[in-house]
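The values are calculated or read from the model by the stated rules, or taken from the named source; none is laboratory data. Keep in mind the model is a prediction, meaning the values are calculated, not measured. All Cβ positions, glycine included, derive from the backbone under ideal geometry; neighbour counts span all protein chains shown. Side chains included, ligands, DNA and RNA excluded: accessible areas come from the protein's heavy atoms. Shrake-Rupley method; radii C 1.70, N 1.55, O 1.52, S 1.80 Å.
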Amino acid sequence: MRCFWDERQRAHAPEAEFFNGKLHPAAEHQGRVDAILAAIGAVEAPRDSGMELLLRVHSQEYLDLLRDAHREWLAAGREGDAFPYTFPIVGRRSLYLSRIDARLGQHSFDTSTPIGPGTWDACYWSVQTALAGLAAVLGGEQSAFAFTRPPGHHAGCDYFGGYSYLNHAAVCAEAALAAGSRRIAILDVDYHHGNGTQDIFAGRDDVLFASIHADPSTDYPFFWGHADESKGNILNLPLPRGTDWNGYAPAFTAAIDWLEEREPDLLIVSYGADTHEADPISHFKLKTSDYAPMARRIAAMGLPTLIVMEGGYAVDALGANVAAFLSGF
Ligand code: OKP
Ligand code: ZN
């Protein structure tokens, strides 16, 4: 399978994230990159297709913030990575203040997603990597893997969070529609609900979003991903902590059936390896040996398929998990 990656994606190197009342070493760190690259072998670098396709999903003022935030942070006399700390929860999002803290809070929903000096570059090239994978699929490859990093599925059209800044799956769905696809299926099998992707496409009939994830009553991102959000083009299948393949498989099959009934002509898989039993921030019990059968079932849909990388933080198992998943195609 053709795999895509750009070395400039390494430029995002967060030191820490804030949760449970303190800073923790960032889970989304460089070790993930080396683990995955070692396991997938040869990668192709993307060409630069510019900003145009990003703007089909993300707003200009949001993209401006991502690009400028760290410079403004330094100009305000701060050190290290830029973090939001106050959010316009009572409304007034239209009160577009120019102070960096207000801009950060207006475009984010957590304190786990810092912006460093290299974040914009890494995110920009990560989207280009995704678009290169899409181009391969539209060009006739049955499947392709875009090693997108940092992840994307928590990012909305104008917000970051959950280690995500630009939503690769969403940009690729819009790009595919622009290139003539009729209906896109997005299957999200990361441990966490893909709230950004859901927000971006809710109410549409040309993009379907099916997600299997940890019950947001107990797990991040809490405020999205509940079963009762399923309607129209959205299907959420939350599962309890401790779920193993036996518990996972029925929901997974239901998601695939639901997508197939709606006759998409292209599939985008948001793949997270954080469903693995060893994942340090997650609580499912999938095994490395579960990923190839999972992927074979997806491949049996017979659709041109782009796989984009989301989470997966058990660095020692990560390479094997990604390789196992890709082997199923
Ligand atoms: C990104 B992706 C950890 C608290 C912060 C943020 C999780 C982001 C996951 N206990 N969690 O979906 O893998
Ligand atoms: Zn995740």
Quiz item: Hey, residue 223 hits all of (1) open to solvent by 60 Å² or more (accessible area, probe 1.4 Å); (2) within 16 Å of ligand 2 (Cβ to nearest atom); (3) in contact with a helix residue (DSSP H, G or I) (Cβ under 6 Å, 6 or more places away or on another chain) but one; which does it fall short on?
Solution: (3)
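Of all residues in segment 314-327, count the ones that are surrounded by fewer than 24 Cβ atoms within 10 Å (Cβ to Cβ) and either farther than 21 Å from residue 141 by Cα or aliphatic (A, V, I, L, M) (or both). Spell out the reasoning first.
Filtering segment 314-327 down to residues surrounded by fewer than 24 Cβ atoms within 10 Å (Cβ to Cβ) leaves 314-317, 319-320, 323-324, 326-327.
Now restrict to residues that are either farther than 21 Å from residue 141 by Cα or aliphatic (A, V, I, L, M) (or both): 314-317, 319-320, 323-324, 326.
Qualifying residue count, segment 314-327: 9.
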Exercise. Only residues in segment 176-197 that are of a type in the set (Phe, Trp, Tyr) count as the first member; pair them with residues that are buried (at least 24 other Cβ atoms within 10 Å of the Cβ) and part of a helix (DSSP H, G or I), Cβ under 7 angstrom, at least 6 apart or cross-chain, and list the lot.
Key: 191/274; 191/275
Exercise. Go through (1) within 16 Å of ligand 1 (Cβ to nearest atom); (2) in contact with a strand residue (DSSP E or B) (Cβ under 9 Å, 6 or more places away or on another chain) and name the single condition residue 162 misses.
Key: (2)
Quiz item: Which of the residues belonging to segment 33-58 are more than 15 Å from residue 176 (Cα to Cα), open to solvent by less than 40 Å² (accessible area, probe 1.4 Å) and in a loop (DSSP other than H, G, I, E, B)?
Solution: 46, 50, 58
Self-check item: Residue that is nearest to residue 67 (Cα to Cα), among those in segment 147-186 that are hydroxyl-bearing (Ser, Thr, Tyr) and open to solvent by 10 Å² or more (accessible area, probe 1.4 Å)
Solution: 159
Exercise. Kindly check whether there is at least one residue in segment 138-161 that is over 22 Å from residue 19 (Cβ atoms) and part of a helix (DSSP H, G or I).
Key: yes
Quiz prompt | Residue check, residue 284 open to solvent by 50 Å² or more (accessible area, probe 1.4 Å), of a type in the set (Phe, Trp, Tyr) and within 15 Å of ligand 2 (Cβ to nearest atom) | solution = no
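Inspect all residues belonging to segment 125-146 and state whether any of them is more than 29 Å from residue 256 (Cα to Cα) and open to solvent by less than 30 Å² (accessible area, probe 1.4 Å). Before you say what the answer is, go through the steps one by one.
Step one: filter segment 125-146 for residues more than 29 Å from residue 256 (Cα to Cα), giving 125.
Applying the additional criterion that residues be open to solvent by less than 30 Å² (accessible area, probe 1.4 Å) yields 125.
Yes, there is a match, as at least one residue in segment 125-146 is more than 29 Å from residue 256 (Cα to Cα) and open to solvent by less than 30 Å² (accessible area, probe 1.4 Å).
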Quiz prompt | Index of the failed condition, residue 223 passing every other in (1) within 21 Å of the chain's Cα centre (by Cα); (2) within 27 Å of residue 36 (Cα to Cα) | solution = (2)
Practice problem: Kindly provide the set of residues from segment 211-265 that are acidic (Asp, Glu) and closer than 17 Å to residue 295 by Cα, ordered by number. | Solution: 244, 257, 260
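Only one residue in 189, 171 is among the β-branched types (Val, Ile, Thr) and within 14 Å of ligand 1 (Cβ to nearest atom). Which one?
Testing whether each residue is among the β-branched types (Val, Ile, Thr) and within 14 Å of ligand 1 (Cβ to nearest atom) leaves just 189.
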Exercise. Scan 190, 205, 257 and give me the residue that is more than 14 Å from the chain's Cα centre (by Cα), in a loop (DSSP other than H, G, I, E, B), modelled with pLDDT of 95 or more and not small (Gly, Ala, Ser).
Key: 205
Quiz item: Does segment 77-85 include one or more residues that are modelled with pLDDT of 95 or more, out of contact with any Gly (no Cβ under 6 Å at 6 or more places or on another chain) and open to solvent by less than 20 Å² (accessible area, probe 1.4 Å)?
Solution: yes
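When residues of segment 302-329 are filtered for being outside any helix (DSSP H, G or I) and either without any contact (Cβ under 8 Å) to a residue 60 or more places away in the chain or not acidic (Asp, Glu) (or both), how many remain?
Step one: filter segment 302-329 for residues outside any helix (DSSP H, G or I), giving 302-314, 328-329.
Then keep just the ones that are either without any contact (Cβ under 8 Å) to a residue 60 or more places away in the chain or not acidic (Asp, Glu) (or both); that gives 302-309, 311-314, 328-329.
Matching residues across segment 302-329 total 14.
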Practice problem: Could you check, for segment 203-219, whether at least one of its residues is open to solvent by 10 Å² or more (accessible area, probe 1.4 Å) and among the small types (Gly, Ala, Ser)? | Solution: yes
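Report yes if residue 299 is out of contact with any helix residue (DSSP H, G or I) (no Cβ under 8 Å at 6 or more places or on another chain), touching a residue at least 40 places away in the same chain (Cβ under 8 Å), more than 12 Å from ligand 2 (Cβ to nearest atom) and among the small types (Gly, Ala, Ser), otherwise no. Walk me through it before giving the result.
Details: out of contact with any helix residue (DSSP H, G or I) (no Cβ under 8 Å at 6 or more places or on another chain): yes; touching a residue at least 40 places away in the same chain (Cβ under 8 Å): yes; more than 12 Å from ligand 2 (Cβ to nearest atom): yes; among the small types (Gly, Ala, Ser): yes.
Yes.
A quick yes/no check of all residues on (1) touching a Ser or Thr at 6+ places or on another chain (Cβ under 8 Å); (2) surrounded by 17 or more Cβ atoms within 10 Å (Cβ to Cβ):
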residue	(1), (2)
247	no, no
251	no, yes
274	yes, yes
279	no, yes
300	no, no
Quiz item: Across segment 108-121, what is the number of residues that are surrounded by 24 or more Cβ atoms within 10 Å (Cβ to Cβ) and either assigned to a helix (DSSP H, G or I) or over 17 Å from the mean Cα position of the chain (by Cα) (or both)?
Solution: 1
